[in-house]
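In what follows, a structure is listed as structure tokens, so that the remarks can point back to it.
The values are calculated or read from the model by the stated rules, or taken from the named source; none is laboratory data. Owing to the predicted nature of the structure, the values given are computational and were not obtained by experimental measurement. Using ideal geometry, Cβ is built from the backbone for each residue, glycine included, and neighbour counts are taken over all protein chains shown. When the accessible area is computed, the model is the full protein with side chains, heavy atoms only, and any ligands, DNA or RNA have been set aside. Shrake-Rupley method; radii C 1.70, N 1.55, O 1.52, S 1.80 Å.
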Amino acid sequence: MFQILEEKYNNTFYPTTKGFQHSSGKTSIFFPFATDTTGINDTKPTLKDFKSISAAIHRNWTNTEIHLPDLPEEIIEGIIESVSTEEKNQLKDIIKKLIFDSKGNLVIFQKSIIPLIKRNEKNAKISNLITFLFHLFDGPDFSKKISDCLLNDGSSNTLYSLVSNYLNNNIVETKNEIGKRPYFDGEISKQVRELFQRDYLLLSKNEDLFKKHLHQLFKYYYYSYIQLLAIEFNESITNTSKTKLFFSLEWEKLSQSRLAVDNGYKKLETIVTDIFSHSNCLEMLNTIDFSEKLPNQIVTYKDILSLYESCSENEILDLEASLHKLLRQYLKLISQVEAKKGGFNWETESAIAALQTNSDSQDPQGLKLVRQLFYAMRYQFEKSGRKGANTDFSTWYKTFVQLNFVKTRGRLGNTLSLSKDYLLLFTELAILNTGKDKILLTTLWEELEIRGIHLDNQSKHEATQYFQKINALEKKSDSGDAQYVTKMHK
């Protein structure tokens with residue numbers, strides 16, 4: 001039990017005759033990122049807007065492909081040709097103004113339009129992200145629910161019907177074959193999937209909100225999943241717990257003492273810096289055969305710790321022997337690889353310090369070995385020629401977060417920032433979840449925290465004042481200080 005699967009190990013870390021190579025994404029995929037940032041600037045509009053990413057995921061759910069022209073002008077010409085009219089120029093101007101935005105993208109005037117938004121860039125990294133998010137958000141029978149949510153109510157005006165008919169004639173049914181790759185599907189994946197699906201279905205009950213804000217739901221839960229996973233891995237290695245990341249409200253002023261300053265984006269940035277080391281470490285750990293105790297799953301640090309509660313003493317000795325072998329072998333292989341480039345000495349003071357774990361701690365020996373393996377990987381990434389790959393891997397996520405959830409606040413630096421749109425979106429979802437027309441303010445804070453949105457007391461006060469300003473705050477005279485936030489959209 002718990003033997004290293006040598007063939008799996010060799011196929012993963014010796015993919016060619018060039019010798020040992022780091023590898024992530026063969027035994028386990030936790031993150032959708034690449035080890036280079038080629039084309040990242042070209043993807044920024046897509047990562048900021050996110051509508052075309054959401055659309056592509058919907059096409060996977062609905063098993064469709066679109067065969068529309070690339071340019072808005074060509075689409076408009078196609079629409080004009082599909083109808084008999086003597087006022088072609090006038091109709092062309094109307095379509096251009098009402099059906100396309102200033103960037104030439106389709107306006108979502110009906111729910112059924114959502115899967116038809118095309119990407120302007122062709123980037124393999126974005127394609128990988130789309131597949132990754134599809135696997136994260138998908139679930140049994142969810143595609144059927146998606147199809148129901150996208151049905152129009154039949155009340156479209158003549159222009160919308162004309163455009164919709166043309167667009168639908170350019171949809172081709174297909175069987176989207178999403179490759180079965182080793183995507184992680186653990187507790188955090190299931191937690192995020194459940195929240196996303198619940199909010200998606202709640203949002204679909206309000207068509208206006210659904211059309212306007214659905215892409216924001218995809219953006220937020222992508223942000224949420226990566227930071228939750230990075231936090232769990234970081235806490236497993238550092239033996240800490242209960243890390244919370246605080247948002248500030250986009251429009252409020254901050255002081256240095258506010259929680260969002262040091263416990264927001266700055267903390268997230270530090271945590272996600274190590275995700276490439278985690279990805280490689282877990283890749284190597286998953287070459288151990290855990291199938292008897294942890295069948296049909298990708299193993300994480302927490303899973304290895306849990307084995308100490310379910311395994312016999314002899315089984316634990318087998319586990320620790322394999323972990324020790326992985327560590328010893330890794331140190332040797334890195335020395336051999338680096339020797340060809342001028343040397344890499346694990347005996348230096350800094351290397352010894354980097355691999356040090358607290359020998360007096362009560363943690364199991366296996367967890368200490370896992371930590372040492374992680375520390376070794378992180379140290380060599382920081383000190384070797386692979387530093388660029390390590391940095392670029394997390395840059396993809398940092399760039400996405402900076403584009404969508406960060407505000408620069410002068411000398412205070414970058415903070416996680418919640419816009420009015422997001423505050424109102426999650427407030428509406430929380431109210432929809434109650435099945436009523438309002439929600440207790442204290443319950444709203446709880447609903448936001450369930451979704452990973454933590455606000456300090458000052459931010460809560462600012463949000464309350466904003467609700468009052470837009471006439472969404474209701475105080476019951478017979479309930480003392482009980483305050484409610486009411487629906488803002490019918």
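Numbers for the structure displayed
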{"quantity": "Residue within the stretch 431-438 that is surrounded by 18 or more Cβ atoms within 10 Å (Cβ to Cβ) and under 17 Å from LEU249 (Cβ atoms) present", "calculated": "no"}
{"quantity": "Count - residues of the stretch 446-474 that are over 15 Å from SER248 (Cβ atoms) and among the hydrophobic types (A, V, I, L, M, F, W, C)", "calculated": "5"}
{"quantity": "Tally of residues being within 24 Å of ASN206 (Cβ to Cβ) and not polar (S, T, N, Q) across the stretch 111-134", "calculated": "7"}
{"quantity": "The lone exception for GLU347 - which of (1) acidic (Asp, Glu); (2) open to solvent by less than 50 Å² (accessible area, probe 1.4 Å); (3) assigned to a loop (DSSP other than H, G, I, E, B) it fails", "calculated": "(2)"}
{"quantity": "Residue count for the stretch 378-394, restricted to those that are among the polar types (S, T, N, Q), buried (at least 19 other Cβ atoms within 10 Å of the Cβ) and within 19 Å of the chain's Cα centre (by Cα)", "calculated": "2"}
{"quantity": "Complete set of residues in the stretch 406-448 that are within 20 Å of the chain's Cα centre (by Cα) and either among the β-branched types (Val, Ile, Thr) or more than 17 Å from LYS219 (Cα to Cα) (or both)", "calculated": "VAL406, ASN414, THR415, GLU447"}
{"quantity": "The stretch 188-206, residues that are open to solvent by 50 Å² or more (accessible area, probe 1.4 Å), in a helix (DSSP H, G or I) and in contact (Cβ under 8 Å) with a residue 60 or more places away in the chain", "calculated": "ARG198"}
{"quantity": "Condition check for TYR183: at pLDDT below 90, of a type in the set (Phe, Trp, Tyr) and either farther than 26 Å from SER279 by Cα or open to solvent by 30 Å² or more (accessible area, probe 1.4 Å) (or both)", "calculated": "no"}
{"quantity": "Where PHE2 falls short, out of the listed (1) open to solvent by 40 Å² or more (accessible area, probe 1.4 Å); (2) under 30 Å from SER310 (Cα atoms); (3) more than 30 Å from the chain's Cα centre (by Cα)", "calculated": "(1)"}
{"quantity": "Residues within the stretch 453-480 that are in contact with a Ser or Thr (Cβ under 7 Å, 6 or more places away or on another chain) and open to solvent by less than 20 Å² (accessible area, probe 1.4 Å), tallied", "calculated": "2"}
{"quantity": "Evaluation of SER419 against (1) in contact with a helix residue (DSSP H, G or I) (Cβ under 8 Å, 6 or more places away or on another chain); (2) closer than 19 Å to ASN263 by Cα; (3) surrounded by fewer than 18 Cβ atoms within 10 Å (Cβ to Cβ) (one fails), failing number", "calculated": "(1)"}
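This table checks each residue for (1) at pLDDT below 95; (2) within 25 Å of SER306 (Cα to Cα); (3) in contact with a helix residue (DSSP H, G or I) (Cβ under 6 Å, 6 or more places away or on another chain); (4) not β-branched (Val, Ile, Thr).
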| residue | (1), (2), (3), (4) |
| --- | --- |
| GLU177 | yes, no, no, yes |
| LYS190 | no, yes, no, yes |
| PHE196 | no, no, yes, yes |
| LEU201 | no, no, no, yes |
| ASN206 | yes, no, no, yes |
| HIS215 | no, no, yes, yes |
| ILE226 | no, yes, yes, no |
| LEU229 | no, yes, yes, yes |
| ASN234 | no, yes, yes, yes |
